[in-house]
1. Fewest to most neighbouring Cβ within 10 Å: what's the order for THR140, THR124?
2. Through the Karplus equation 6.51 cos²θ - 1.76 cosθ + 1.60, θ set to phi - 60°, convert the phi angles of region 133-150 into ³J(HN,Hα) values in whole Hz; use x for Gly and Pro.
3. Counting other C-beta atoms within 10 Å, which of THR45, THR149 has the fewest, and how do the rest follow?
4. Give me, ordered by chain and number, the residues 5 or more places off ALA94 or on other chains with an amide H under 5 Å from its own placed amide H.
5. Can you list residues from other chains, or at least 5 along the same chain, whose modelled amide H is less than 5 Å from the amide H of VAL125?
6. Kindly put TRP71, TRP23, TRP32 in sequence by how many other C-beta atoms sit within 10 Å of each C-beta, fewest to most.
7. Which ³J(HN,Hα) values in Hz, rounded to whole numbers, follow from the phi angles of region 69-75 under the Karplus curve 6.51 cos²θ - 1.76 cosθ + 1.60, where θ = phi - 60° and Gly and Pro get x?
8. Whole-Hz ³J(HN,Hα) for each residue in region 97-102, computed from phi via Karplus 6.51 cos²θ - 1.76 cosθ + 1.60 with θ = phi - 60°, x for glycine and proline: what do you get?
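Derivation of every value follows stated rules applied to the coordinates shown; laboratory data play no part. All of these numbers come straight from a predicted model, not from anything done at the bench. Cβ placement follows ideal geometry from the backbone for every residue including glycine, while neighbour counts extend to all protein chains displayed.
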Amino acid sequence: MSNVAWAATRLSPLRLAGLALLWWALAGGNAWAWGVPVILVTALTMPRSGLSRLRPLAFLAFLAFCPLALWLALRGGVQVALLACRPRLTLNTALIDHPWHCLPEGPGRLFMASLINLIPGTLTVRLAPDRLVVHVLHLTPATPRHLATLERRIARLHVTEKELD
């Protein structure tokens, strides 16, 4: 690949727009004198993402997934806050073995393990080829079902509908 073609793939408008949006969010819309060089250097040096391995309509699946991720974070935060405000904490901590059902090995599993760490009250303990071990602060009967639902929703980002069946 020539230097021009390499730079063109690294400096794609989508990549630059994403990095500019990230800089705007982090810098509060200021410091563009620093931001533009940082964005250009970052775009040239950061590796290509795994997004190219996603299925063609993954962006729409990602948009549909965002409300679920926000809901999980909000629900987990409220649950942890309520547990912390109780005079007598009645926690039901547990380790859950979640066997993989529909998510193939690769970036999707890593994404799920990372996302679980962002949900208050949950923590990924082990990511194995056959299962995911999750520590939950307060186990309910619905927790395993919620993990299975989350796996199916993440699988929509990484596999085709035919592979889900």
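1. Values: THR140 12, THR124 18.
So the ranking, lowest neighbour count to highest, is THR140, THR124.
2. Working through the residues one at a time gives 9, 10, 9, 10, 6, 9, 6, 10, x, 7, 4, x, 5, 5, 5, 5, 5, 4 Hz.
3. Numbers: THR45 8, THR149 13.
Taking fewest neighbouring Cβ atoms as first place, the list is THR45, THR149.
4. HN-HN under 5 Å from ALA94: VAL136, LEU139.
5. Amide H neighbours of VAL125: VAL133, VAL134, HIS135.
6. Details: TRP71 10, TRP23 20, TRP32 14.
Going from least to most buried by this count: TRP71, TRP32, TRP23.
7. Each residue of region 69-75 in turn: 4, 5, 5, 4, 5, 5, 4 Hz.
8. 8, 10, x, 5, 9, 10
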